[in-house]
Amino acid sequence: MKVFKKNHFYLFAFSFVYFAFFFYLTEPFWGLMDDATSLKTALQFSEDPVKTTYEWVKHHNKNGMFRPFFAFQQFIQFSFYNFENPYPTFLLNIFIVLIGLYLFSKNFISRKNILLFYSLFFLWPYTYDWLFLPSLNSKWGLILFGISLSLKNRPFTGVIEFLLGLFSVLMKLNVVILLPLSFYYEQKEDKKLYTTCGMILGLIIQTSFFFYYPDSYYNTGIIETIKTIEFFTIQNLFVVGIICVILFDVFYLEKNDDGRLKIFSCLASIFIGLAILNLRNSSFAYLGALLIFPISTYLIFLYERLNKILKLSNNYGVALLVFSLILSNIFLLNPRLQRWNDLDKITSNDFTSQAVYFCEEGQKMINIWDVEKNNKNFSYFTLYPDIYENIYLWTYNHKDQFRFIEFNESSKILTRNLYVIDPFCEESTSFLSTQLNKCNIDYIYNNEIKLIRVNSC
């Protein structure tokens with residue numbers, strides 16, 4: 001354990017083996033977010049990288065963002081794609097996520113606190129979205145951010161640091177959450193602010209596109225968006241609680257200038273994160289993954305100072321890691337693994353009537369995988385190879401082949417109707433508890449995801 005606690009690499013290696021084992025054990029299927037459309041982009045990129053890049057840059061520009069690396073990133077993510085065996089793709093994705101984690105820990109977390117850092121990572125629910133959704137982009141921004149700060153002072157490294165800082169934000173705007181931490185690190189290490197300036201330029205570019213395209217996917221109107229924010233979600237209250245602790249700390253406890261700068265940097269990162277997240281989704285979802293980095297940096301700094309007073313045993317770090325692994329496996333990792341595995345079981349079921357899937361995006365994706373498994377003549381991945389962002393065209397032209405249909409609130413509950421109840425689709429769980437609670441039902445499949453048949457109602 002002494003070696004284990006003193007080396008960042010050992011925690012990285014342990015985490016990789018840990019996740020690789022459980023993914024192998026459970027055999028998760030392809031996911032319901034952007035896996036299918038991102039894979040199609042990867043296939044198109046392999047055939048024509050220039051045109052694919054151009055088309056997706058144009059697409060994201062109209063949506064209010066500048067993301068020049070999107071197509072290339074998807075190409076890398078799905079370089080080991082095999083429909084029959086998703087494991088290599090997940091394994092690569094796990095490695096990518098943990099590389100970002102490793103680089104951040106090397107820059108910001110001391111060896112003696114590395115166990116605490118990984119414990120917080122395992123307990124943070126939104127980092128699991130990174131593990132289960134290979135198409136997500138912000139983890140790449142974290143890697144570029146980490147590489148940039150890791151570079152030693154050499155001739156021309158300043159240019160590289162600047163470009164890496166710039167590219168990190170162009171990967172995904174929410175990487176700007178890390179901007180204050182970049183400023184703190186470069187100040188502490190007496191480095192010129194190349195990474196910080198690059199990230200600022202990236203922010204300027206992204207916000208320029210954001211405001212240039214009003215009424216776009218990303219810019220739905222600031223005022224209108226603010227009106228829709230749910231300020232009192234559990235997520236917001238939790239983060240606000242941490243902010244209150246930080247404010248008390250910086251005004252009444254920490255007197256050292258360097259310590260106060262570190263605290264202010266963490267606070268600024270959290271504030272930026274809170275603003276961005278609520279403008280997009282008050283429940284945070286996968287966008288909340290990056291928030292753990294300023295939060296964990298601050299909490300570990302607080303722990304270091306408290307430990308000087310309390311003289312806590314180093315064994316507590318080992319105990320906390322074990323506790324976090326058990327708790328996160330029960331409530332975060334295993335349910336997600338089971339859910340992805342359930343998709344394979346349900347699409348393999350030979351039911352002939354149509355089943356209702358409640359959430360629109362998930363309904364499209366599950367049909368893509370279902371058709372790919374059971375009716376490849378209409379495969380989304382082979383049709384319309386020269387048309388970009390073609391999910392709606394494919395859906396419209398081939399909806400007659402779908403076994404999973406959209407929910408229609410006006411539709412009556414009929415005998416023999418099939419419904420897919422997904423715990424990550426609130427509409428379905430609400431329907432089960434309010435509409436099907438008095439019906440006689442059979443569970444054709446019953447796990448994290450349920451396939452239900454109505455016998456009478």
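The values are calculated or read from the model by the stated rules, or taken from the named source; none is laboratory data. Keep in mind it's a predicted model, so treat the numbers as computed, not measured. Cβ coordinates were reconstructed from backbone atoms using ideal geometry, including for glycine residues, and neighbour counts include every protein chain displayed.
Please go through region 185-201 and give me each residue that is free of Cβ contacts under 8 Å to residues at least 60 places away in the same chain and among the hydroxyl-bearing types (S, T, Y), ordered by number. Within region 185-201, Y194, T195, T196 qualify. The C-beta contact set for region 367-388 (first residue over 20 Å from H59 (Cα atoms), second residue among the aliphatic types (A, V, I, L, M) and in a helix (DSSP H, G or I), distance under 6 angstrom, 6+ apart or interchain) comprises I368/A36; F378/V371. The set of residues in region 50-59 that are touching a residue at least 60 places away in the same chain (Cβ under 8 Å) and under 23 Å from the mean Cα position of the chain (by Cα) comprises W56, H59.
Residues in region 367-384 that are surrounded by 19 or more Cβ atoms within 10 Å (Cβ to Cβ) and farther than 19 Å from S46 by Cβ: N367, W369, D370, V371. Only residues that are over 28 Å from M171 (Cβ atoms), over 25 Å from the mean Cα position of the chain (by Cα) and touching a residue at least 40 places away in the same chain (Cβ under 8 Å) were counted across region 226-252, and they come to 2.
Starting from residues that are β-branched (V, I, T) and crowded, with 19+ Cβ neighbours inside 10 Å, keep the ones in region 99-119 and report whichever is nearest to F14 (Cα to Cα).
Taking region 99-119 and keeping what is β-branched (V, I, T), we get 99, 109, 114.
Going one step further and asking which of them are crowded, with 19+ Cβ neighbours inside 10 Å, we end up with 109, 114.
Working: I109: 17, I114: 12 Å.
Applying the filter and picking the extreme gives I114.
Among the candidates L131, L103, L120, which residue alone is touching a residue at least 40 places away in the same chain (Cβ under 8 Å) and within 20 Å of T196 (Cα to Cα)? Steps first, please.
On the way: L131 fails: within 20 Å of T196 (Cα to Cα); L120 fails: within 20 Å of T196 (Cα to Cα).
The match here is L103.
Scan region 395-407 and tell me whether some residue there is in a strand (DSSP E or B), at pLDDT 90 or above, of a type in the set (S, T, N, Q) and more than 14 Å from S353 (Cα to Cα). Looking through region 395-407, none of the residues is in a strand (DSSP E or B), at pLDDT 90 or above, of a type in the set (S, T, N, Q) and more than 14 Å from S353 (Cα to Cα). Looking across L166, L193, one residue alone is at pLDDT 95 or above and under 27 Å from the mean Cα position of the chain (by Cα). It is L166. When D215 is tested against (1) out of contact with any Asp or Glu (no Cβ under 9 Å at 6 or more places or on another chain); (2) under 29 Å from F122 (Cα atoms), exactly one condition is not met: (2).
Restricting region 120-161 to residues that are of a type in the set (K, R) and farther than 14 Å from I96 by Cβ, which is surrounded by the most Cβ atoms within 10 Å (Cβ to Cβ)?
Start the filter on region 120-161 by keeping residues that are of a type in the set (K, R), which leaves 139, 152, 154.
The next check asks that each one be farther than 14 Å from I96 by Cβ; those that pass are 152, 154.
Numbers: K152: 6, R154: 8.
So the residue we want is R154.
Is it the case that I387 is surrounded by 15 or more Cβ atoms within 10 Å (Cβ to Cβ), β-branched (V, I, T) and not assigned by TED's automatic domain parsing to the domain that holds T37? Show your work before the answer.
Numbers: surrounded by 15 or more Cβ atoms within 10 Å (Cβ to Cβ): no; β-branched (V, I, T): yes; not assigned by TED's automatic domain parsing to the domain that holds T37: yes.
No.
Is at least one residue of region 401-417 crowded, with 16+ Cβ neighbours inside 10 Å, touching a residue at least 60 places away in the same chain (Cβ under 8 Å) and touching an Asp or Glu at 6+ places or on another chain (Cβ under 6 Å)? The answer is no; no qualifying residue exists.
Counting only helices (runs of 4 or more DSSP H) that sit completely within region 1-72, those holding 2 or more residues that are of a type outside the set (D, E) and under 28 Å from L343 (Cα atoms) correspond to 8-26, 35-47.
Let's see how each residue does on (1) more than 18 Å from the chain's Cα centre (by Cα); (2) within 25 Å of N446 (Cβ to Cβ):
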residue	(1), (2)
N278	no, no
A285	no, no
L299	yes, no
I309	yes, no
S324	yes, no
N349	yes, yes
Y357	yes, yes
E360	yes, yes
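Residues that are in contact (Cβ under 8 Å) with a residue 40 or more places away in the chain, in contact with a Ser or Thr (Cβ under 7 Å, 6 or more places away or on another chain) and in a loop (DSSP other than H, G, I, E, B) do occur in region 423-435.
Among the criteria (1) within 24 Å of the chain's Cα centre (by Cα); (2) of a type outside the set (K, R); (3) at pLDDT 95 or above, the one V371 does not fulfil is (1). Counting only helices (runs of 4 or more DSSP H) wholly contained in region 244-351, the ones carrying 1 or more residues that are crowded, with 16+ Cβ neighbours inside 10 Å and of a type in the set (V, I, T) occupy 257-280, 292-310, 334-348.
Please state which one of I204, I223 is without any contact (Cβ under 8 Å) to a residue 12 or more places away in the chain, within 27 Å of G165 (Cβ to Cβ) and part of a helix (DSSP H, G or I). Even if it seems obvious, please write down each step before you answer.
Values: I223 fails: within 27 Å of G165 (Cβ to Cβ).
Going through I204, I223 in turn, just one is without any contact (Cβ under 8 Å) to a residue 12 or more places away in the chain, within 27 Å of G165 (Cβ to Cβ) and part of a helix (DSSP H, G or I): I204.
Residues of region 76-86 include none that is assigned to a helix (DSSP H, G or I), over 17 Å from L144 (Cβ atoms), of a type outside the set (F, W, Y) and not assigned by TED's automatic domain parsing to the domain that holds K373.
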